[in-house]
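Student: Can you keep this structure in mind? I'll have questions shortly.
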Amino acid sequence: MIYLLDLLGTFAFAVGGAYKAKSRKLNIFGVVFLGAITAVGGGTVRDLIIGRTPLFYLKDSNYLLICLLAGLAAYLLPNFFKKAYSIFRLTDSIGLAVFVIIGASVCQSYLFNGVAFPTLLSSLACVFLGMLTGFGGGVLRDAIMGDTPFALKSGSNYVSSAFFGASVYYFLMFFNNSVAVAVSIATTLILREIVSKYGIYKKSIVKKSA
């Protein structure tokens, strides 16, 4: 299930990055490239920091294939993604929820496999790398495009959602991994889609009152 959600999140992130590149009038190569950067950039930086090689998408080609398909779709069908923005924003939030779990889990298993309970070092490292996995690709994309990273802008709760999602997962995983995954995903989605003023819940309220 987590793997399938990971691929869904990869697709959503790649679409978001590619669509933004398309809106800046980049050619097809730039659109696909920035879509891929958005989708796998955070995980790439994470793996390079902890020395985990070969990189995950070099072991599983599905990630790069999805990035390619998502980039091409965003380039060739931009109007579709514009009309379906709220849906892809939701899948983006699902991607963030899954990515922070994977980032924290990879850090724990690769660097702190023998640690039975949280320590200060393992807590900081796993939560930080979980967050980085979640929003690092978007930061890289925006930096390449010369923009202020969206995740770091005032009013965005992208970083705080990643922080709480990664923290909840990390501390609960020592007791029950399935519960940790479920609570972490719920936490991230609630913050992104209900608490955030840009969430799908707020959009549905506006539509009903209109």
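Student: Taking the conditions exactly as written (modelled with pLDDT of 85 or more, more than 22 Å from Gly134 (Cβ to Cβ), surrounded by 12 or more Cβ atoms within 10 Å (Cβ to Cβ) and among the hydroxyl-bearing types (Ser, Thr, Tyr)), does Tyr75 satisfy them or not?
Tutor: Spelling it out, Tyr75 is indeed modelled with pLDDT of 85 or more, more than 22 Å from Gly134 (Cβ to Cβ), surrounded by 12 or more Cβ atoms within 10 Å (Cβ to Cβ) and among the hydroxyl-bearing types (Ser, Thr, Tyr).
Student: Follow-up question, since we're still on this one. What residue, of Leu189, Leu140, Leu129, Leu172, is over 24 Å from Asp47 (Cα atoms), buried (at least 17 other Cβ atoms within 10 Å of the Cβ) and at pLDDT 90 or above?
Tutor: Leu189
Student: Moving on to the next point. Of the residues Val100, Val106, only one is β-branched (Val, Ile, Thr) and over 20 Å from Asp142 (Cα atoms); which?
Tutor: Within the list Val100, Val106, the selection yields Val106.
Student: Now for a separate question. Note down all Cβ pairs under 9 Å where the first residue falls in region 5-27 and is free of Cβ contacts under 8 Å to residues at least 40 places away in the same chain, the second is aliphatic (A, V, I, L, M), and they're at least six residues apart or on different chains.
Tutor: Matching pairs, first to second residue: Leu26/Leu34; Leu26/Met145.
Student: If I filter region 107-116 for residues that are surrounded by 18 or more Cβ atoms within 10 Å (Cβ to Cβ), of a type outside the set (A, V, I, L, M), part of a helix (DSSP H, G or I) and over 10 Å from the mean Cα position of the chain (by Cα), do I get at least one hit?
Tutor: yes
Student: In addition: Against the definition (modelled with pLDDT of 95 or more, over 23 Å from Tyr63 (Cα atoms) and surrounded by fewer than 20 Cβ atoms within 10 Å (Cβ to Cβ)), how does Leu124 come out, yes or no?
Tutor: Yes: the conditions hold for Leu124.
Student: Quick check on my filter: what residues within region 140-179 are of a type in the set (A, V, I, L, M), in a helix (DSSP H, G or I) and in contact (Cβ under 8 Å) with a residue 40 or more places away in the chain?
Tutor: Leu140, Ile144, Ala162, Ala166
Student: I'm told Lys197 meets every condition in (1) among the charged types (D, E, K, R); (2) in a loop (DSSP other than H, G, I, E, B); (3) at pLDDT 90 or above except one. Can you identify the failing condition by its number?
Tutor: Going through the list (1) among the charged types (D, E, K, R); (2) in a loop (DSSP other than H, G, I, E, B); (3) at pLDDT 90 or above, Lys197 breaks only (3).
Student: Shifting gears a bit: Can you name every residue in region 1-30 that is surrounded by fewer than 21 Cβ atoms within 10 Å (Cβ to Cβ) and among the small types (Gly, Ala, Ser)?
Tutor: Within region 1-30, Ser23, Gly30 meet the criteria.
Student: Can you pull out every residue in region 45-57 that is crowded, with 19+ Cβ neighbours inside 10 Å and touching a residue at least 24 places away in the same chain (Cβ under 8 Å)?
Tutor: Arg46, Asp47
The values are calculated or read from the model by the stated rules, or taken from the named source; none is laboratory data. Keep in mind that this is a model prediction, so the values were computed, not measured. With ideal geometry, Cβ positions are generated from the backbone for all residues, glycine too; neighbour counts draw on all protein chains shown.
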